[in-house]
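First up is the structure itself, then whatever we jot down about it.
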Amino acid sequence: MIKVVSFDLWNTLLSGTNSEASENFRCEKMREVFLRRGYDISSGRINDAIKKAWDYFNLEWLNKYYTLQTSMAVEVILSELSLNADEVLRKEILLIMQKNLIQSDNRVIEGMRELVLELKDKYTLAIISDAGFTPGRYLREVIKNIGLYDAFSIYAFSDEVGVSKPHKKIFEYVLNSVGAEPEEGVHIGDIPATDIKGANDIGMKSVHFYKETYLFKDSEKNSPSFSTDSPEGILNYIRGL
């Protein structure tokens, strides 16, 4: 019997198709701060610096299974821009990096809101999400803003648990929170190398939701229990377990 159903956040519950717009917004906010301080730095240079920070983040994330502190990303950006910033400026840039997604236009993927509301009365629902540059405390605000916060009983963000997917600890955190065995859990996510591998390795059922998958599409290396691009398909699969 299934007790807990966990969801990845981006490209599973929330659409990631506006990521370019979100990054541009982050860049322009930084440029405004720099201009107020007398640094006329082009958007192109700032974007390049942010990309360097993402490269560093991804290297740590993929190889060490942990989420880089956003403050370290800020140091990469300032170094790339050759800025010897004071603590006030560092804090301003840090908050732009961390809070950007709260101010973005976050869209629930079609059909996922209905799926969550259908499941919440029968199962314990959880979010298992790698945090990126936005810590879990701010990702909670994103979920509140879309009106689904109370549907989830457990939040497992990588910066808070201390590891990122596919490390078993982040999945164990959810299972232990409800006293569930791995076979009593289902995890839904878009990335085979993190969502599917992590769920499979611990013994949970795994659902590859590939509607917006864009990273690590090698699902054949991490075969899911079920694969679909339809929230309705997920519902039918879970009902049949």
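The values are calculated or read from the model by the stated rules, or taken from the named source; none is laboratory data. Predicted model only: the values in this text are computed from it and were never measured. Using ideal geometry, Cβ is built from the backbone for each residue, glycine included, and neighbour counts are taken over all protein chains shown.
If you go through segment 216-241, how many residues are modelled with pLDDT under 85, in a loop (DSSP other than H, G, I, E, B) and buried (at least 16 other Cβ atoms within 10 Å of the Cβ)? The total comes to 2. I'd like to check something: does segment 24-45 contain any residue that is within 28 Å of Pro192 (Cα to Cα) and either under 17 Å from the mean Cα position of the chain (by Cα) or assigned to a loop (DSSP other than H, G, I, E, B) (or both)? No: segment 24-45 contains no residue that is within 28 Å of Pro192 (Cα to Cα) and either under 17 Å from the mean Cα position of the chain (by Cα) or assigned to a loop (DSSP other than H, G, I, E, B) (or both).
Only one of the numbered conditions (1) part of a helix (DSSP H, G or I); (2) of a type outside the set (D, E, K, R); (3) surrounded by 18 or more Cβ atoms within 10 Å (Cβ to Cβ); (4) without any contact (Cβ under 8 Å) to a residue 12 or more places away in the chain is not met by Val88, and that is (3). Scanning segment 1-31 for residues that are over 28 Å from Pro182 (Cβ atoms) and of a type in the set (Ser, Thr, Tyr) returns Ser15, Thr17, Ser19, Ser22. Would you point out the residue of segment 156-181, among those that are more than 25 Å from Asn63 (Cβ to Cβ) and of a type outside the set (S, T, N, Q), that is surrounded by the most Cβ atoms within 10 Å (Cβ to Cβ)? The selected residue is Leu175. Quick check on my filter: what residues within segment 182-197 are touching a Gly at 6+ places or on another chain (Cβ under 8 Å), buried (at least 24 other Cβ atoms within 10 Å of the Cβ) and either assigned to a helix (DSSP H, G or I) or of a type in the set (Lys, Arg) (or both)? Hits for segment 182-197 are Asp195, Ile196.
If I filter segment 61-69 for residues that are closer than 30 Å to Leu115 by Cβ, assigned to a helix (DSSP H, G or I) and not charged (D, E, K, R), do I get at least one hit? Scanning segment 61-69, I find at least one residue that is closer than 30 Å to Leu115 by Cβ, assigned to a helix (DSSP H, G or I) and not charged (D, E, K, R), so the answer is yes.
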